[in-house]
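Report on the following structure.
The values are calculated or read from the model by the stated rules, or taken from the named source; none is laboratory data. Given the structure is predicted, the values throughout are model-derived calculations rather than measurements. Positions of Cβ are backbone-derived with ideal geometry, glycine not excepted, and every protein chain shown enters the neighbour counts.
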Amino acid sequence: MKVIQALMVVAAAVAFFGIAVAAPPGKTVEFAGGPMGKVVFDGKTHADKGGKCNDCHTKIFQMKKGSTKITMATMNKGENCGVCHNGEKAFASSDPKNCKTCHKK
């Protein structure tokens with residue numbers, strides 16, 4: 001019985017890990033970025049700055065891809081990426097000189 005329970009715990013952990021780590025350090029996730037070019041989220045860049053996955057998931061972003069509508073307007077209001085990218089904690093998403101940091105042509 002204990003072996004079955006252990007296997008169930010391992011299976012649950014593997015399933016959760018596969019969902020929870022969408023962009024771990026060393027991986028990127030790309031989003032359509034409109035006329036400015038695609039937006040590339042780099043897990044390593046955020047981890048190198050001390051960010052952990054659960055800093056944003058599920059407090060700011062849900063785990064299901066596409067469940068959060070991200071726009072520059074929402075970021076500039078301090079939502080989504082703008083929670084941190086406000087010019088205090090991290091570079092300001094509202095400053096035009098920072099566009100190429102996330103948007104790639």
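Computed values, structure above
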{"read-out": "Residues of the range 60-83 classified as within 18 Å of Gly33 (Cα to Cα) and assigned to a helix (DSSP H, G or I), total", "value": "8"}
{"read-out": "Every residue from the range 29-55 that is in a helix (DSSP H, G or I) and surrounded by fewer than 16 Cβ atoms within 10 Å (Cβ to Cβ)", "value": "Gly34, Pro35, Met36, Lys44, Thr45, Ala47, Asp48, Asn54, Asp55"}
{"read-out": "In the range 84-105, residue surrounded by the most Cβ atoms within 10 Å (Cβ to Cβ) [restricted to those that are in a loop (DSSP other than H, G, I, E, B) and among the hydrophobic types (A, V, I, L, M, F, W, C)]", "value": "Cys84"}
{"read-out": "Residue under evaluation Lys59, criteria (1) in contact with a helix residue (DSSP H, G or I) (Cβ under 9 Å, 6 or more places away or on another chain); (2) surrounded by 11 or more Cβ atoms within 10 Å (Cβ to Cβ); (3) on the phi < 0 side of the Ramachandran plot, criterion not met", "value": "(2)"}
{"read-out": "Test result for Gly18, surrounded by 13 or more Cβ atoms within 10 Å (Cβ to Cβ), at pLDDT below 90 and of a type outside the set (Lys, Arg)", "value": "no"}
{"read-out": "Within the range 62-79, considering residues that are without any contact (Cβ under 8 Å) to a residue 24 or more places away in the chain and among the aliphatic types (A, V, I, L, M), the one surrounded by the most Cβ atoms within 10 Å (Cβ to Cβ)", "value": "Met75"}
